[in-house]
Amino acid sequence: MSLNTFGHLYRVTTWGESHGPAIGASVDGCPPGIEVEEAYIQRFLDKRRPGQSRHTTQRDEPDRVRILSGVFNGRTTGTPVQLMIENTDQRSRDYSGIANSFRPGHADITYHLKYGIRDYRGGGRSSARETASRVAAGGLARAVLKVLAPEIEIRGYMIRIGEMVIDRSRVDWNEIDRNDFFLPDAQAVPAWSDYLRKIRKNRDSVGAEIEVVCKSAPAGLGAPVYGKLDAGLAAAMMSINAVKGVEIGDGMAAARLTGTQNADEIAMGEDGPAFLSNHAGGILGGISSGQDIVVRFAVKPTSSIMTPTRSIKTDGTPTRVSTRGRHDPCVGIRAVPIGEAMMACVLLDHLLLHRAQVGENPGGSIGLGP
């Protein structure tokens, strides 16, 4: 069992390697009759695409998506949707120096220990290149959500890069797509740019933290006990290459709170229950509450760096490894659209599960009768 598939009803299988001829996703369970075209999915891939700024890898991939099946006359047919993205700018020769060595902090050694063989050209399946397939599947998921839950809005943004942290008093969603960092704060961009330039100059890399928010999510998504929405989101974000930690709502900070501090108190508003805070990140008991769903994840520094680090070769002899080629000094920057895509896939999957169990029934009402 290779476990390259995620989702229950909206099922996504990704395939391909970083330096193979193509990568892609096979999506099963997409509802029929949804209007979608390649250009719509492409807009999300363009956000993740490498080579767009000096702060990311200079591998120049157009990341053009092709829909090979499951769509007829601009609408999904209900059959599997095959999405393909060709690799056009591989430079496998850059990796010849590590063909018999393991990069510290990289999956090189674990792939070798598990399978006895590995694709050293960019890391194969362990490369962040694989995530383009997820973004394509997430674009298709968003097309479905536009029909089934048009009020939903999903936005991701950077909140930390190494020592640089956003000032939440200046957060402006309108700024996110206006800079190379997906930063919701225009004032912070010059300082972040200088910081990352120094990291690159030192032939090093740095980690990052991303926050993804879903506004206007309907209440009722998720199920007890093993189908919790937050468990699905955590698994999806943790599956992204280089992610080492995930939080929902206050996350780890909740361990420092008292019950009175952590309680999201409830009042009755004009349109139903109104929560006075959102420490829970919009999910209670594994089920969405109707508040903003808030997920954060941490991305480790890129393992492929030019500074020599100690390691071993496949024969066990010691060596020092420095990686040539084109690599992200902070791979977390391009993780923003990936996090958005994974949230879209998970939310759609849980929405379909919810509709399968309760249909159009919105659940219990509050304050609308005796």
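The values are calculated or read from the model by the stated rules, or taken from the named source; none is laboratory data. These numbers were taken from a predicted model, which means no experiment stands behind them. So basically every Cβ, Gly included, is an ideal-geometry build from the backbone, and we count neighbours across all protein chains shown. Calculation scope for accessible area: heavy atoms of the full protein, side chains included, ligands and nucleic acids excluded. Shrake-Rupley method; radii C 1.70, N 1.55, O 1.52, S 1.80 Å.
Within segment 9-41, the set of residues being within 16 Å of the chain's Cα centre (by Cα) and either among the acidic types (Asp, Glu) or within 25 Å of Asp180 (Cα to Cα) (or both) comprises Ile41 only. Taking the criterion of being of a type in the set (D, E, K, R), over 25 Å from Lys244 (Cα atoms) and in contact with a Ser or Thr (Cβ under 7 Å, 6 or more places away or on another chain), the residues of segment 149-208 that qualify are Glu151, Glu153.
Identify all residues within segment 254-276 that are under 28 Å from the mean Cα position of the chain (by Cα), more than 29 Å from Pro337 (Cβ to Cβ) and open to solvent by 30 Å² or more (accessible area, probe 1.4 Å); write none if there are none.
The initial filter retains those residues of segment 254-276 that are under 28 Å from the mean Cα position of the chain (by Cα), namely 254-256, 262, 264, 275.
Those still in the list that are more than 29 Å from Pro337 (Cβ to Cβ) too: 255-256, 262, 264.
Of everything in segment 254-276, those that are under 28 Å from the mean Cα position of the chain (by Cα), more than 29 Å from Pro337 (Cβ to Cβ) and open to solvent by 30 Å² or more (accessible area, probe 1.4 Å) turn out to be Ala255, Arg256, Asn262.
Just name the residue that is farthest from Val71 (Cα to Cα) out of those in segment 104-149 that are among the β-branched types (Val, Ile, Thr) and open to solvent by 50 Å² or more (accessible area, probe 1.4 Å). Working first, answer last.
Step one: list which residues in segment 104-149 are among the β-branched types (Val, Ile, Thr), which gives 109-110, 117, 131, 135, 144, 147.
Then keep just the ones that are open to solvent by 50 Å² or more (accessible area, probe 1.4 Å); that gives 109-110, 117, 147.
Details: Ile109: 40, Thr110: 39, Ile117: 37, Val147: 16 Å.
This residue is Ile109.
Tell me, please, whether a residue that is of a type in the set (Phe, Trp, Tyr) and either in a helix (DSSP H, G or I) or touching a residue at least 40 places away in the same chain (Cβ under 8 Å) (or both) can be found in segment 117-139. Checking segment 117-139: not a single residue is of a type in the set (Phe, Trp, Tyr) and either in a helix (DSSP H, G or I) or touching a residue at least 40 places away in the same chain (Cβ under 8 Å) (or both). The sole residue among Ala280, Ala274 that is free of Cβ contacts under 8 Å to residues at least 60 places away in the same chain and in contact with a Ser or Thr (Cβ under 9 Å, 6 or more places away or on another chain) is Ala280.
Condition check ((1) surrounded by 18 or more Cβ atoms within 10 Å (Cβ to Cβ); (2) touching a helix residue (DSSP H, G or I) at 6+ places or on another chain (Cβ under 8 Å); (3) of a type in the set (Gly, Ala, Ser)) across all residues:
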{"residue": "Ile293", "(1), (2), (3)": "yes, yes, no"}
{"residue": "Pro301", "(1), (2), (3)": "yes, no, no"}
{"residue": "Met343", "(1), (2), (3)": "yes, yes, no"}
{"residue": "Gly364", "(1), (2), (3)": "no, no, yes"}
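Set side by side, the residues Lys228, Lys201 differ, and just one is without any contact (Cβ under 8 Å) to a residue 60 or more places away in the chain and closer than 26 Å to Ser133 by Cβ, which is Lys228. Taken over segment 161-175, the criterion of being buried (at least 19 other Cβ atoms within 10 Å of the Cβ) and in contact with a Lys or Arg (Cβ under 9 Å, 6 or more places away or on another chain) is satisfied by Ile166 alone.
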